[in-house]
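Report on the following structure.
The values are calculated or read from the model by the stated rules, or taken from the named source; none is laboratory data. Note that the coordinates shown come from a computational prediction; the quantities given were computed from them, not determined experimentally. Cβ sites come from the backbone with ideal geometry, for glycine too, and all protein chains shown count toward neighbours. Just so you know, the surface numbers come from the protein's heavy atoms only, side chains and all, with ligands and any DNA or RNA stripped out. Shrake-Rupley method; radii C 1.70, N 1.55, O 1.52, S 1.80 Å.
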Amino acid sequence: MMNDKDSGVTVLTPDDDFCFDCHPGLNCFTRCCRNVHIFLMPYDIIQLKHGLAMSSKAFLQQYTYTLMGKNGLPVVGLKMNEDEQKTCPFLGDSGCSVYESRPWACRVYPLQPESTKITEQKGLGYYSIMDVPFCLGFESGATSTVKAWLDRQNVPIYEEMESLFKNITTASFLSDKKIENRQIQEMFFMACYDVDLFRQFVFETSFLQRFDINTREVDQIRHDDTALYRFAMKWIEFGLLKQQGLTLKPHVMAAKKQALGIH
Ligand code: SF4
Ligand code: SF4
């Protein structure tokens, strides 16, 4: 356990124990599934659309709202029901109806990632415990290390996928910029959140004639949403951050150079 004097935050290391357990029968069961703000990561949407057997478009329309972040890039939130308690739309009579594909925010609870001077110096992977007075899970007596808890909730794959997204949203290129171009915002939204539409964009336009992509990757992204998401992040890096995520085909590159007067 470490305390960051500047921020006053106490963080747990991956090997630290904490006390928590959640199960039906507790008086607070499902109370945490009401009146909460849950932002969805791109990978959350892939998992939820699969869990619900929906297209990404239908999922986004039915269950989400979109806000513009400070940098002008869209952020997606889970739309709560319009009842008095603002209940999560996935809350059923016996708990979470999408438990296997529940979002990262629900998996990682009661932990929250922390980034302070100390954690930045020492590396990633530090968490603090959320302060939720009504949650009785802290009184269960069951202990676990942070790492074991996160592994049981299948968090590492979510964080791996999110790191691809954060490479873009926290890039220094965007630190002092705000994207105002509507077309860029729409392309970003499609690539990050609307995976089925992005697949149409890749396979039903001249996209594959412009980029040099090996056949194995093309086969993968045709059917695999996670592979397509990884690919989408490379495309955004290429387009938005002007990094070498993808390579243009030689004839496309030659035409671009000619248009720019470069020989
Ligand atoms: S123990 Fe905490 S996480 Fe579990 S249902 Fe109760 S409030 Fe929610
Ligand atoms: S997705 Fe499931 S666990 Fe998360 S808030 Fe909704 S019902 Fe609760």
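Odds and ends about this structure:
For every residue, the table says whether it meets (1) among the aliphatic types (A, V, I, L, M); (2) surrounded by 14 or more Cβ atoms within 10 Å (Cβ to Cβ).
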site	(1), (2)
Phe39	no, yes
Lys49	no, yes
Ser56	no, yes
Tyr65	no, no
Asn71	no, yes
Pro74	no, yes
Ser94	no, no
Arg102	no, yes
Ala105	yes, yes
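- Leading residue by the ranking (farthest from ligand 2 (Cβ to nearest atom)) among those in region 4-37 that are open to solvent by 80 Å² or more (accessible area, probe 1.4 Å) and modelled with pLDDT under 85: Lys5
- When residues of region 170-223 are limited to those that are among the β-branched types (Val, Ile, Thr) and buried (at least 16 other Cβ atoms within 10 Å of the Cβ), the one nearest to Leu48 (Cα to Cα): Val195
- Per this entry, Phe165 is not counted among residues that are among the aromatic types (Phe, Trp, Tyr), at pLDDT 90 or above and out of contact with any Pro (no Cβ under 8 Å at 6 or more places or on another chain).
- Candidates in region 132-186 are the residues that are of a type in the set (Val, Ile, Thr) and assigned to a loop (DSSP other than H, G, I, E, B); of these, the one that is nearest to Pro74 (Cα to Cα) is Ile179.
- Ser128 modelled with pLDDT under 95 and either outside the structural domain of Asp21 (by TED's automatic domain parsing) or part of a helix (DSSP H, G or I) (or both): no
- Every condition in (1) within 12 Å of ligand 2 (Cβ to nearest atom); (2) in a loop (DSSP other than H, G, I, E, B); (3) open to solvent by 70 Å² or more (accessible area, probe 1.4 Å) is met by Pro89 except one, and the failing one is (3).
- Taking each residue of region 90-107 that is within 15 Å of His50 (Cα to Cα) and looking for partners that are away from ligand 1 (no atom under 14 Å from the Cβ) and open to solvent by 60 Å² or more (accessible area, probe 1.4 Å) with beta-carbon atoms closer than 7 Å, six or more apart or interchain, yields Phe90/Ser97; Ser101/His50.
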